[in-house]
Each structure stands twice: as structure tokens, then as C-alpha cells.
1. Using the Cα centre of segment 7-175 as the reference point, and only Cβ charges (+1 on K/R, -1 on D/E), how large is the resulting charge dipole? Debye, rounded to the nearest 20.
2. Looking at the square roots a ≥ b ≥ c of the eigenvalues of the Cα gyration tensor of segment 18-74, which shape do they give, rounded for a/c under 1.5, prolate if a/b is larger than b/c, or oblate?
3. Classify segment 7-175 as rounded, prolate or oblate, taking a ≥ b ≥ c as the square roots of the eigenvalues of its Cα gyration tensor: rounded when a/c is under 1.5, otherwise prolate if a/b is larger than b/c and oblate if not.
4. Suppose a student asked you for the relative contact order of segment 23-161, using Cα pairs under 8 Å spaced at least 6 residues apart; what percent would you report?
5. Show me the ranking of peptides 25-32, 99-106 by mean Cβ neighbours inside 10 Å, starting with the highest.
6. Could you sort 54, 22, 163 by accessible area so the largest value comes first, with the probe set to 1.4 Å?
7. Stretched out fully, how many nm does the piece from residue 32 to residue 154 gain, at 0.36 nm a residue minus the Cα gap?
8. Multiply the residue separation of residue 16 and residue 54 by 0.36 nm, subtract the distance between their alpha-carbon atoms, and state the gained length in nm to one decimal.
Amino acid sequence: MSATNTEMIAVVAMAENRVIGDGKGLIWHLPDDLRRVKALTMSCPLIMGRKTWDSIGRPLPGRASIVLTRDPDWQVEGAIAAADLTAAITAAKDWIAATPEARNAIILFGGGQIYEMGMALCNRIELTIIAASPDGGPDAALFPALDEAAWDCVTEAEFTATDAVPGYRYDSLTRKSPVFV
Ligand SMILES: NC(=O)c1ccc[n+]([C@@H]2O[C@H](COP(=O)([O-])OP(=O)(O)OC[C@H]3O[C@@H](n4cnc5c(N)ncnc54)[C@H](OP(=O)(O)O)[C@@H]3O)[C@@H](O)[C@H]2O)c1
């Protein structure tokens, strides 16, 4: 039986100009953010686009990798292919139901096309905002603009820039009118 009343949570790091990557990977390296993403996503199914899967290149341990692709022949060990968002959510719920240690939450893991598609079904966004406006190049991926009135936002931590990394902060957004999948 599938999980019910499941929350979908977008986890994303974006620059102030909404750029999230150059189409092939991330533009920044924030070790603390990577640790946070791991903690936020552990024991959850991840829904991601095929390009994001390619940029990671392997399944992330302790999580299911559900990959949206229009290619009916796409098959990679360690990934579950899905032809559309409905199929991806069904696969995610089935994985939650079949996995004793799973949390009842689905992570919308990007990239730009998948955030655009799934944002209306997200109840929370765990957002890292980087104080930079990089040019993501011709294939730049963006996080969609939000209707700010629809969300409550709490800033959980702020970090000033160092020689190694730009400044950034962690915002946790929750929908004022909850939605579940
Ligand atoms: N900063 C962050 O938090 C973050 C998070 C994730 C990703 N990223 C970055 O985002 C970039 C990738 O984003 P992107 O927008 O270029 O690509 P993407 O969203 O990762 O993947 C796009 C692919 O998903 C599949 N797809 C899209 N819509 C679909 C639909 N309706 N039905 C079935 N399949 C569908 C297609 O795969 P096929 O071509 O195989 O059909 C499409 O080419 C990379 O730079 C990555 O590093 C950043």
C-alpha cells in the first residue's frame, strides 16, 4: 500500500538571481550546505530530472533516486525511471511504504525543470540563498519565482563570506495553506 498524507519538500540552493546551476552541475562548493542537504534528505525518496541525475552520477546512499525522463528506454542501476510527475510520486510513495526506515516525505531535488513542474505540490522549501549573481551560461537552470504571500519564511542560519565561499543563508519556507501528495 502507498504512503498517504505525504509532504513534498523542495531542497535547493540558489543564487540571488535564482541561478541553481549551469545545466551540468553546481557553480559553487559549499561543504556545510552539502551536509545540510544530506541531513534533510536522508531516508527519503528524491525526485530529480535526468540532467540532475547525470550531474550527480550515482545513487545517493540511504535515499531512493527517482529520475524523470521522457526516454522510455532509460535504465540505470540504482535509479527508478519515471515518465511523468504522477508516476514519480507513486514510485516515491511505494518506496516509503516498502522501506521501514523511510520518512513520510518526498524530496523535490531539482533541477530547474523539475522544480518548475513540482513546486505547486510542495508544502515546504528548504532554501539556501547564496549572496552572488553568477552567469550560469547558455544552459543555466533557475529556481522558479515564488508567490511570497503564499509562504511563511524563517531564516535558520546566516553565514558571512570568507575567502573560500560567498555569504549564504538557510531559509525554511512553509506553505500557509498546506498541500500533501
Ligand atoms: N542548486 C541546486 O540546489 C540544484 C539542485 C538540482 C540540480 N541543480 C542543477 O540544475 C541543473 C539541471 O537542471 P535542468 O533544469 O537543466 O534539468 P533537470 O530538471 O535536472 O532535468 C531535465 C530533464 O528531466 C526530464 N524531464 C523534464 N520534464 C519532464 C517531464 N514532464 N516528463 C518526463 N521527464 C521530464 C528530461 O529528461 P530527458 O532529456 O532524459 O527526457 C529533461 O531533459 C544542473 O546544473 C544541476 O547541477 C541544482
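The values are calculated or read from the model by the stated rules, or taken from the named source; none is laboratory data. Please read all numbers here as calculations on a predicted model, not as lab measurements. No Cβ is skipped: glycine too gets one built from the backbone with ideal geometry, and neighbour counts run over all protein chains shown. Side chains are part of the model used for accessible areas, which takes the heavy atoms of the whole protein and leaves out ligands, DNA and RNA. Shrake-Rupley method; radii C 1.70, N 1.55, O 1.52, S 1.80 Å.
1. For segment 7-175, the charge dipole is close to 400 debye.
2. Taking the square roots of the gyration eigenvalues as a ≥ b ≥ c, segment 18-74 is oblate.
3. Numbers: a/c = 1.62, a/b = 1.39, b/c = 1.17.
Cα axes put segment 7-175 in the prolate bin.
4. The normalised contact order for segment 23-161 reaches 24 percent.
5. Per-residue mean Cβ counts within 10 Å order the peptides as 99-106, 25-32.
6. Reading off the accessible areas and sorting them downward yields 163, 54, 22.
7. On the way: separation 122, 0.36 × 122 = 43.92 nm, distance 1.87 nm.
Gain in length upon complete extension: 42.1 nm.
8. Gain on stretching residue 16 to residue 54: 11.2 nm.
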